[in-house]
1. Which one of the conditions (1) under 25 Å from residue 222 (Cα atoms); (2) in contact with an Asp or Glu (Cβ under 8 Å, 6 or more places away or on another chain); (3) assigned to a strand (DSSP E or B); (4) in contact (Cβ under 8 Å) with a residue 40 or more places away in the chain does residue 342 fail to meet, given that it meets all the rest?
2. Suppose the filter is closer than 18 Å to residue 358 by Cα, β-branched (Val, Ile, Thr) and modelled with pLDDT under 85; does residue 223 pass it?
3. How many residues does segment 237-281 contain that are surrounded by fewer than 14 Cβ atoms within 10 Å (Cβ to Cβ) and part of a loop (DSSP other than H, G, I, E, B)?
4. Just for segment 307-338: of the residues that are of a type in the set (Val, Ile, Thr) and in contact with a strand residue (DSSP E or B) (Cβ under 7 Å, 6 or more places away or on another chain), which one is surrounded by the most Cβ atoms within 10 Å (Cβ to Cβ)?
5. Check whether at least one residue in segment 416-434 is among the hydrophobic types (A, V, I, L, M, F, W, C), loosely packed, with under 15 Cβ neighbours inside 10 Å, modelled with pLDDT of 90 or more and in contact with a Leu (Cβ under 6 Å, 6 or more places away or on another chain), and report yes or no.
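The values are calculated or read from the model by the stated rules, or taken from the named source; none is laboratory data. Quick caveat, the model's predicted, so the values are computed rather than measured. Virtual Cβ from ideal backbone geometry, glycine too; neighbours counted across all protein chains shown.
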Amino acid sequence: MKQAFQRLWKSLTQPTSADEESQTREYMTRAILALMAGALFCFTALMVAGVAAGLILLADIFIMLAIDLIVIISWGLVLRGRWRLASSFSIALFFLLGVFGTYLNGLQTTLILAYALAILLTSMLSGQRSAWLMLVASWFVHMGLGLLRDPRSWDGVLQVALPVGGFLWGETLLLGIYASQLRGLVKKARSHSVALQTEILERKVVEEEIRRRNRELSLLNQVVAASTSSLQVEAILQTVLQELAVGLGVSQGAAALINSDGASLRLVAEYPIQQAVTIVGETIPIKGNLSTQYVLENRKALAIADAQNDPRMAVVRDLMHKRGVASILILPLIVHKQAYGTIGLDSFEPREFTEEEIVLATNAAMAAAQAIENARLYAEVQRTALRDDVTDLLNRRGLAEFGHREFERARRFDRNLTAVFLDVDLFKEVNDKYSHAVGDAVLRQIAKYIQVNTREVDLVARYGGDEFVILLVEADLERAAEVAERLRKFVDATPLVVGVSVLQLTVSMGVACLRQDTRDLDDLIAQADQALYRAKQSGRNCVDVMKISEWSS
């Protein structure tokens, strides 16, 4: 025990700092704490005596003992320089005061607050501002509890002022925390806003691309639909021009196809259709026409912003003036590297065609060119299906299709129509003697003879074998008989040279004309066939005309 008191006295009297100012501060601190602790201990002793005398309750003793224990521990921590830990015990002391304050009188509370003031002063003297702040915060809490417990107590005035300050300090601390959190939220919001703006821009780009693709697909679908709606090249180009002009917002357009000579283009369609002054049918030279040459040779579109003054448009400058063209986009019609012609899209106002518009128009022109190729192939198939492969005349199917139209037209408008049925005399002997190849050559020559002695409006067909049918449009029976006789004499007077052989051929023909009681085209041909049969019976190499009196039903 003696050694313990000696160590305590040594810690109180011997300084731990080297400099004089620090030593003075330590002595003051220890003196204040010693005085306040002594007073608290004395007051505790008095309370013990009061309990013994029956004047003080035992519960007060336990409270004071707990407070003394905290004071002793915090005193020891202060002596060792553990200011923050000492402050923590002081916080516990203040909470005890707040909880058990109802059991303490004014003198007890004053002593304890005086001890807390001593801790506050020593904290300030030692420069421990963090401990000071902790003590002040604890003091505010205690004062708030005391004011709520008894606002009318003698220390109520002090307890009213301190909670107000504590509230303001706490609010300031909370505002600082909220401000820090708000800054974090603002930073996050800004980051999110930037990301959102980037996403919006990306979506706008994607949406614009989708709109562009939809526009392109819509125009291509319209062009394809227009292209497949007809098998007539002019009708296809007319519709395609309309769709392209509307889709690209140009004023007008025209389409031209390469002529068979390959040296010029023939304008076959325009949009809008001009009734008064049209360019359809006009010819545009290719040689020397730099713009057209570029498009056809390079197989790519050409956009010219100033069509009136560009030197590449010199050959067609008059046409540009005539149509009022300020800017033009020229597109090639290409299928499988084969050029068919060009499409020109004209603008009355100067404009620069964008790359997107050029690509879109080029794709549409490619679709149109494919439709033209399909129409050409269809026409070729139709021509082949309706033509005889030996003579290149109409075959029996072709005669039925085109002959039916002429028959109906003549019947409707009461016009003349006459049929001539021709047969090569002794043709079987030619095949047997010279071969079927020579026989085919004879048929081709007879076909040429017939075409030479008839008009373009007349229909000539190989009916079968060595038989031919001629429909003479707008020709009465007498006129038809004259044509048939002239043809017979021509064949009879013209030797046919096949290889080294010279053949002398003759033909027989029967003639019949359209009458009111003629049922159809087949009936008309049958009447001519009857007249041919009689010509054969008459010795061949002659023409027999079916007289009205001889007409058979």
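1. (2)
2. yes
3. Within segment 237-281, residues that are surrounded by fewer than 14 Cβ atoms within 10 Å (Cβ to Cβ) and part of a loop (DSSP other than H, G, I, E, B) number 13.
4. Looking at residues that are of a type in the set (Val, Ile, Thr) and in contact with a strand residue (DSSP E or B) (Cβ under 7 Å, 6 or more places away or on another chain), I get 328.
5. Taking every residue of segment 416-434 in turn, none turns out to be among the hydrophobic types (A, V, I, L, M, F, W, C), loosely packed, with under 15 Cβ neighbours inside 10 Å, modelled with pLDDT of 90 or more and in contact with a Leu (Cβ under 6 Å, 6 or more places away or on another chain).
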